[in-house]
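The values are calculated or read from the model by the stated rules, or taken from the named source; none is laboratory data. The model shown is predicted, which means the values in this text are computed figures rather than measured ones. Ideal geometry is used to build each Cβ from the backbone, glycine not excepted, and the neighbour counts take in all protein chains shown. Side chains are part of the model used for accessible areas, which takes the heavy atoms of the whole protein and leaves out ligands, DNA and RNA. Shrake-Rupley method; radii C 1.70, N 1.55, O 1.52, S 1.80 Å.
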Amino acid sequence: MHNLYTVFVSTIFLVAVHSCLPPPPKYPFRNPDDVTKEAIELSDSLEAYIKRWYAGKEPALLPQRLLPKGYDPTRYSEIKLVRYEDIKPEKIWGVRLAHDIDFNKQHGSFPDPHCTYLLAPVIYAPFKSKLIIEGEFPYCRFFSIQVTPPFDAREYRYDKYAGKGEVAIVDADMKPQPGSINPFLPGANRKAVNRSYKVVYEMAVGDPSKIDPSHKPPFYRGDGSIRYGSALQYQGPWGAQKGTGGHGRGSWDFGDIWIRYYAMDKNQFPTGGVGLPKAYFQLPSGEKFFITATFDGLIKQSETTGTNRTTRSADPASYNKPPYGWDKAFGVFLSISSGLSRALYRERKGDKDYIRKLDLGVTGRGENQPAPASYEPNATCSNYTNYLGRGATIKKGKVLILTGKLPTFPDTRNGAAAMTTAQCRYWSITSYDVDWPFAEIKGMENTSVMDDELVLDKDRHFIIVYSRKEDRPVNATKENGVTWVDWGQTTSQSLSLRWISVGPEWNMPVAPNEINLPWSKTAWSGTQYDMNLIGTNNHNGFLGDYLPVAHYLTKEEFQKLGNQFGWKDIPVWK
């Protein structure tokens with residue numbers, strides 16, 4: 001449920017401007033100390049107003065002067081204070097439920113359909129106040145809460161999608177309420193009825209990697225007593241300046257809360273078997289409140305669906321076939337601008353330097369930036385998920401095959417009694433419509449297959465065959481060790497591999513985290529980019545057999561394999 005409407009508006013802009021290579025925004029855009037001073041002044045004014053409102057001296061509807069200049073008023077309106085006893089969770093959360101792929105009802109914004117997303121798109125509170133989230137542990141494989149990070153003006157968060165990542169707490173680190181248990185701990189009773197939790201974030205100013213001991217790679221784990229965040233965010237130059245590629249509404253924005261429920265138990269699908277959590281703020285002086293907003297525009301955008309598009313049949317472009325393999329994502333904005341550069345300019349050498357400078361200017365992030373601006377976690381993405389991506393194109397009459405090896409995972413969806421440790425917590429590959437200039441719904445899902453849906457051999461190797469329904473080979477069957485996936489009629493799609501690790505209990509030595517696969521070497525724009533790690537279409541890189549390798553055959557060529565074949569028998573794509 002990434003907030004990606006503006007991603008694609010900005011992407012269209014990039015297509016136009018990249019050809020004339022405008023100068024990226026300067027970094028830093030403003031003196032961070034001056035920005036921080038302004039943020040503290042706004043926070044102090046907000047706190048004073050809340051106290052007066054609590055005493056009955058101010059209206060609940062916040063005056064415009066106290067709102068962060070830069071938020072999107074077309075998506076958020078009627079921003080008002082609510083007392084603790086009057087808070088209604090349904091007024092806080094936007095919900096995207098997990099769902100099955102339906103070619104007549106495809107969701108946008110790059111979701112993993114095996115996940116239910118809860119998003120509080122408007123959180124706003126003074127520094128030093130505490131955010132408290134209370135709920136029940138869901139019946140699922142993976143659960144996390146992420147809050148926009150402590151205020152640090154060295155790094156930006158543009159329009160809620162580009163830039164600094166959130167500070168996260170994962171299920172196994174959360175503190176259960178008295179009388180409850182945490183069902184995500186190794187060996188714990190997953191079916192326990194008493195399963196309440198309480199998570200606390202303090203709104204803070206400063207370097208998140210120094211304030212919060214948990215905010216460090218590769219695991220982002222720590223004591224569950226408290227985390228740190230901020231409900232006020234700085235958007236940088238693209239927020240402040242019109243005519244630069246950004247919206248120009250202003251430098252400031254609200255914060256967010258992201259909650260994810262991955263791989264829910266089948267009998268608890270799609271809500272995870274629990275109600276919406278309650279969230280509220282508490283000032284140091286004791287006042288409890290939340291600031292709510294009407295966000296019907298965002299919900300309408302999120303829940304508008306499209307149908308599978310029929311596009312022109314073609315073979316893969318040069319950048320979507322050998323020798324190219326996968327890229328590792330270190331930012332939504334960086335991935336999109338890099339992808340455009342590769343597609344439009346065929347990897348001109350100078351483009352990489354331009355992309356690095358553009359990303360630094362727009363987001364304040366980069367491989368050589370001080371922590372946490374050089375960390376893998378970035379806006380709207382899970383801190384525990386390593387995202388690998390590649391393009392894929394299938395011509396009519398042909399099939400795309402992925403072969404690889406699946407790490408072990410806790411097999412929970414059929415209602416396992418206890419949580420077990422494994423090599424990862426969750427794994428999936430989802431594909432999206434990439435013809436964004438022509439698609440009504442941006443980032444529209446097309447296919448998705450997760451770990452427990454794969455057919456495996458005795459050594460955990462898999463063969464995934466993608467094709468149009470009419471092009472399915474007769475031997476692409478479960479009995480032959482094949483997981484067949486209907487590609488639909490959209491010729492070109494992007495594949496996104498989500499590999500969730502919760503180390504050390506759900507981790508392995510070759511997990512694709514940022515320590516093993518650093519930004520400088522595995523992002524295409526990296527200064528030391530090494531294709532041999534994951535960027536080449538073979539099993540010889542860092543991940544070995546765990547890296548899915550692509551093969552491309554005609555339907556007839558695949559059928560010639562007969563009914564007695566293994567993953568090593570699939571012809572190499574040369």
- Residues in segment 391-400: is at least one within 18 Å of L454 (Cβ to Cβ), open to solvent by 10 Å² or more (accessible area, probe 1.4 Å) and either in contact (Cβ under 8 Å) with a residue 12 or more places away in the chain or not in a strand (DSSP E or B) (or both)? no
- Would you confirm whether any residue within segment 232-247 is surrounded by fewer than 16 Cβ atoms within 10 Å (Cβ to Cβ), modelled with pLDDT of 95 or more and closer than 29 Å to K51 by Cα? no
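For every residue, the table says whether it meets (1) in contact with a strand residue (DSSP E or B) (Cβ under 8 Å, 6 or more places away or on another chain); (2) open to solvent by 90 Å² or more (accessible area, probe 1.4 Å).
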residue	(1), (2)
K51	no, no
G70	yes, no
P73	no, no
E78	yes, yes
R83	yes, no
- Residue satisfying condition, being under 27 Å from F143 (Cβ atoms), open to solvent by 50 Å² or more (accessible area, probe 1.4 Å) and not in a strand (DSSP E or B), within set P213, P270: P213
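Based on what the data block shows, is S251 polar (S, T, N, Q), at pLDDT 95 or above, touching a strand residue (DSSP E or B) at 6+ places or on another chain (Cβ under 8 Å) and open to solvent by 10 Å² or more (accessible area, probe 1.4 Å)?
Details: polar (S, T, N, Q): yes; at pLDDT 95 or above: yes; touching a strand residue (DSSP E or B) at 6+ places or on another chain (Cβ under 8 Å): yes; open to solvent by 10 Å² or more (accessible area, probe 1.4 Å): yes.
Against the criterion (polar (S, T, N, Q), at pLDDT 95 or above, touching a strand residue (DSSP E or B) at 6+ places or on another chain (Cβ under 8 Å) and open to solvent by 10 Å² or more (accessible area, probe 1.4 Å)), S251 qualifies.
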- Scan segment 248-259 and give yes if some residue there is outside any strand (DSSP E or B), among the basic types (K, R) and more than 30 Å from F542 (Cα to Cα), otherwise no. yes
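Take the residues in segment 91-132 that are basic (K, R) and over 17 Å from the mean Cα position of the chain (by Cα), then tell me which one is most open to solvent (accessible area, probe 1.4 Å).
K128
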- Task: With respect to P512, determine if the residue is modelled with pLDDT of 95 or more, surrounded by 18 or more Cβ atoms within 10 Å (Cβ to Cβ), farther than 30 Å from A422 by Cβ and touching a Phe, Trp or Tyr at 6+ places or on another chain (Cβ under 7 Å).
- Result: no
- Does at least one position in segment 68-89 carry a residue that is of a type in the set (F, W, Y), more than 30 Å from M264 (Cβ to Cβ) and touching a Phe, Trp or Tyr at 6+ places or on another chain (Cβ under 9 Å)? yes
- Output the qualifying pairs, or none if there are none: Cβ atoms under 6 angstrom, residues six or more apart or on different chains, first residue in segment 336-353 and on the phi < 0 side of the Ramachandran plot, second residue modelled with pLDDT under 60. I336/T11; S337/L14; L340/L14
- Task: Check segment 550-567 and report whether any residue there is under 24 Å from the mean Cα position of the chain (by Cα), open to solvent by 30 Å² or more (accessible area, probe 1.4 Å) and of a type in the set (A, V, I, L, M).
- Result: no
- Query: For segment 187-210, how many residues meet the condition of being in contact with a Pro (Cβ under 9 Å, 6 or more places away or on another chain), in contact (Cβ under 8 Å) with a residue 24 or more places away in the chain, within 23 Å of A416 (Cβ to Cβ) and open to solvent by 20 Å² or more (accessible area, probe 1.4 Å)?
  - Reply: 3
- Task: Can you tell me which residue among P208, P186 is within 24 Å of the chain's Cα centre (by Cα) and modelled with pLDDT of 95 or more?
- Result: P208
- Message: Return the pair list, or none, for Cβ contacts closer than 6 Å from residues in segment 68-86 that are within 25 Å of Y54 (Cβ to Cβ) to residues that are loosely packed, with under 12 Cβ neighbours inside 10 Å, at least 6 apart or on different chains.
- Response: K80/L61
- Single residue of segment 148-182 satisfying the filter (open to solvent by 20 Å² or more (accessible area, probe 1.4 Å) and among the basic types (K, R)) that is farthest from G239 (Cα to Cα): K175
- Message: Any residue in segment 435-459 that is open to solvent by less than 40 Å² (accessible area, probe 1.4 Å) and at pLDDT 95 or above sitting within a Cβ distance under 6 Å of a residue that is polar (S, T, N, Q) and part of a loop (DSSP other than H, G, I, E, B)? List the pairs, counting only those 6 or more apart or interchain.
- Response: N446/T490
- Message: Take the residues in segment 389-410 that are among the charged types (D, E, K, R) and out of contact with any helix residue (DSSP H, G or I) (no Cβ under 6 Å at 6 or more places or on another chain); name whichever of them is modelled with the lowest pLDDT.
- Response: R390
- Given (1) over 29 Å from A168 (Cβ atoms); (2) assigned to a strand (DSSP E or B), index of the condition P473 fails: (2)
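Looking at this structure, is Y139 open to solvent by 30 Å² or more (accessible area, probe 1.4 Å) and not small (G, A, S)? Spell out the reasoning first.
Details: open to solvent by 30 Å² or more (accessible area, probe 1.4 Å): yes; not small (G, A, S): yes.
Yes.
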- Query: From the residues in segment 509-549 that are polar (S, T, N, Q), over 20 Å from N383 (Cβ atoms) and part of a loop (DSSP other than H, G, I, E, B), which one is farthest from the chain's Cα centre (by Cα)?
  - Reply: N540
- Just one listed residue, out of E347, E376, is in a loop (DSSP other than H, G, I, E, B) and at pLDDT below 95, and it is E347
